[in-house]
Amino acid sequence: MAAVFACVLYIFFGATALVSAGEPSQKKQLRIGGGAMISPKETFNYYIEMVDYIGEKLGLPATLVMRKTYKEMNDLVERKDVDAAFVCSGPYVYGHDKFGMELLAAPQVSGKSVYYSYIIVHKNSRINKFSQLKGKTFAFTDPDSNSGKLSPTYKLTTMGYTPESYFKSFIYTYSHDNSIKEVARKTVDGAAVDSLIYDYIKAKYPDSDVYSTKVIEKSEGYGIPPFVCHPDLDPGLKARLKEIILNMHKDEKGKRILNGIMIERFVEADDSLYETVRKMLHWKGEK
């Protein structure tokens with residue numbers, strides 16, 4: 001369930017200047033935060049545990065701070081108010097191309113560091129393919145979400161449409177579980193959601209709304225939402241964060257936290273993993 005964690009949990013630090021090239025500069029506290037898109041809400045305790053785990057390893061108290069949208073968190077990273085974060089794939093590409101947002105690690109799920117955009121409809125719907133959603137109502141997640149907005153919009157663009165010209169109407173739900181609920185309750189005809197979150201809910205919650213939906217289309221694979229930092233982050237702190245995340249699966253507490261969010265481990269990642277996302281952004285003429 002990497003995206004439940006990686007797409008919505010952001011770890012960030014205060015704007016204190018960090019200049020040491022050796023050990024991390026002295027800090028009094030880590031500010032560790034996540035967007036209000038945390039989804040499903042039941043995983044909140046795992047976020048708190050992750051925050052505490054990183055703080056303990058660094059020997060500093062840590063605080064979880066909330067933000068609502070992907071853009072808010074990207075802006076904080078760029079302004080150096082936020083120096084390290086778990087971000088979604090689309091925002092990573094935006095950040096990397098705009099100000100050099102730097103990869104530290106990526107989650108690994110089922111031996112891979114990729115995920116997909118699912119197009120879902122109600123389980124009793126007669127809609128069985130994306131083309132049948134023309135003239136229907138639709139739910140996107142966040143304007144900057146890869147699986148919840150960019151991927152289906154890219155598909156429409158290749159078909160010669162925009163969301164405005166293709167759907168009767170569309171909404172933003174600002175969380176993948178909310179999009180699932182909208183479909184399950186027939187508020188909208190279809191939605192685009194993160195495969196990792198959808199599969200996580202299906203595996204963990206047998207009475208959830210996900211069982212009132214069905215997947216009618218699966219996108220190509222995209223680089224999984226990564227752990228990133230501002231390129232100017234203190235090298236010592238950067239090295240320690242990377243070490244902690246990459247070795248988290250090796251101790252009992254870290255492994256338990258990862259198991260709870262269905263991540264096997266974090267692995268080193270290269271920017272090339274996100275070329276499928278970058279291709280879609282370039283198709284739209286964005287940088």
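The values are calculated or read from the model by the stated rules, or taken from the named source; none is laboratory data. In this text the structure is predicted, and so the values were computed from the model without any measurement. Here the Cβ is made from the backbone with ideal geometry for all residues, glycine too, and neighbour counts use every protein chain on show.
Annotations for the structure displayed:
- Taking segment 209-235 as the range and being over 21 Å from the mean Cα position of the chain (by Cα), modelled with pLDDT of 95 or more and hydrophobic (A, V, I, L, M, F, W, C) as the test, only 216 passes.
- Residue within segment 205-214 that is polar (S, T, N, Q), assigned to a helix (DSSP H, G or I) and closer than 18 Å to residue 262 by Cα present: no
- Test: residue 153 is assigned to a helix (DSSP H, G or I) and farther than 30 Å from residue 268 by Cα: no
- The criterion of at least 3 residues that are at pLDDT 85 or above and either of a type in the set (A, V, I, L, M, F, W, C) or over 21 Å from residue 247 (Cβ atoms) (or both) is met, among strands (runs of 3 or more DSSP E) falling completely within segment 33-148, by 102-108, 117-122, 137-140.
- The residue pairs whose first member lies in segment 221-243 and is on the phi < 0 side of the Ramachandran plot and crowded, with 24+ Cβ neighbours inside 10 Å, whose second member is in a loop (DSSP other than H, G, I, E, B) and among the acidic types (Asp, Glu), and whose beta carbons are closer than 7 Å, counting only pairs six or more residues apart or on different chains, are 230/83.
- Filter result (of a type outside the set (Val, Ile, Thr) and surrounded by 20 or more Cβ atoms within 10 Å (Cβ to Cβ)) within segment 123-143: 133, 138, 139, 140, 142
- Filter result (charged (D, E, K, R) and modelled with pLDDT under 95) within segment 184-208: 194, 199, 202, 204, 207
- Residue pairs whose Cβ atoms lie under 6 Å apart, sitting 6 or more positions apart in sequence or on different chains, and linking a residue in segment 247-272 that is outside the structural domain of residue 57 (by TED's automatic domain parsing) and loosely packed, with under 15 Cβ neighbours inside 10 Å to a partner that is aromatic (Phe, Trp, Tyr) and part of a helix (DSSP H, G or I), do not occur here.
- In summary, residue 255 fulfils each of the numbered conditions (1) farther than 30 Å from residue 280 by Cα; (2) in contact with a Ser or Thr (Cβ under 8 Å, 6 or more places away or on another chain) with the single exception of condition (2).
Yes/no per residue for (1) among the charged types (D, E, K, R); (2) free of Cβ contacts under 8 Å to residues at least 40 places away in the same chain; (3) loosely packed, with under 15 Cβ neighbours inside 10 Å:
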{"site": "57", "(1), (2), (3)": "yes, no, no"}
{"site": "60", "(1), (2), (3)": "no, yes, no"}
{"site": "84", "(1), (2), (3)": "no, no, no"}
{"site": "87", "(1), (2), (3)": "no, no, no"}
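- Residue check for residue 161: farther than 21 Å from residue 89 by Cβ and surrounded by fewer than 17 Cβ atoms within 10 Å (Cβ to Cβ): yes
- When segment 94-122 is limited to residues that are aliphatic (A, V, I, L, M) and under 19 Å from residue 195 (Cα atoms), the one that is surrounded by the most Cβ atoms within 10 Å (Cβ to Cβ) turns out to be 106.
- Residue 211 being surrounded by 15 or more Cβ atoms within 10 Å (Cβ to Cβ) and aromatic (Phe, Trp, Tyr): no
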